[in-house]
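Here's the structure we're looking at; comments come further down.
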Amino acid sequence: MSLNLEQYVSEFSAQNINGEHLLQLDGSKLKALGMTSSQDRAIIKKKLKEMKASLEKARKAQEKMEKQREKLRKKEQEQLQRKSKKTEKSSSDAIEGTNEQ
């Protein structure tokens, strides 16, 4: 409707075309849905292309965030392990010092 193509809403609804299905439509499928105007199909295809690009960009950003979180978790884990080893070494040195006395 925002593209001024509301004449196709009823057919899209009747065919249960939702957002997921919409992204899979190509020119021939649009034509089969009653979109006879090549200009209208071109408008939809252009918008679909933009939407797919936007979705891909968002997916990549999400993957990047997940990788950064994983990297941070690993770094924190390594720091905890180093602290633990230092504490163990300090305890071990203290015990050895007591045993030597």
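Values quoted throughout were computed directly from the atomic coordinates according to the rules given, and no laboratory measurement underlies them. Fair warning: this is a prediction, and the values are worked out from it, not measured in the lab. When we count neighbours, we look across all protein chains shown, and the Cβ atoms used for this are built from the backbone with ideal geometry, even at glycine.
Key figures for this structure:
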{"quantity": "Proximal lysines to LYS64, defined as alpha-carbon separation beneath 24 angstrom and excluding residues fewer than eight positions away on the same chain", "calculated": "LYS49, LYS52, LYS74, LYS75"}
{"quantity": "Ellipticity estimate at 222 nm from DSSP helix runs (n ≥ 4, -39,500 (n - 2.57)) divided over the chain, nearest 500", "calculated": "-27500 deg cm²/dmol"}
{"quantity": "Net charge, ILE44 excluded, C-beta distance under 14 Å - Lys, Arg +1, Asp, Glu -1", "calculated": "+3"}
{"quantity": "Burial order of peptide ranges 28-39, 77-88 (average beta-carbon count within 10 Å, highest first)", "calculated": "28-39, 77-88"}
{"quantity": "Cα long-axis angle, helix 38-100 against the chain (0 to 90 degrees, to the nearest 10)", "calculated": "10"}
{"quantity": "Reported label for calculated Cα Rg over 2.2 N^0.38 Å given (i) 2.35; (ii) 1.08; (iii) 2.97", "calculated": "(i)"}
{"quantity": "Label-point separation in nm, ASN4 to LYS47, each point 7 Å along Cα→Cβ", "calculated": "1.2"}
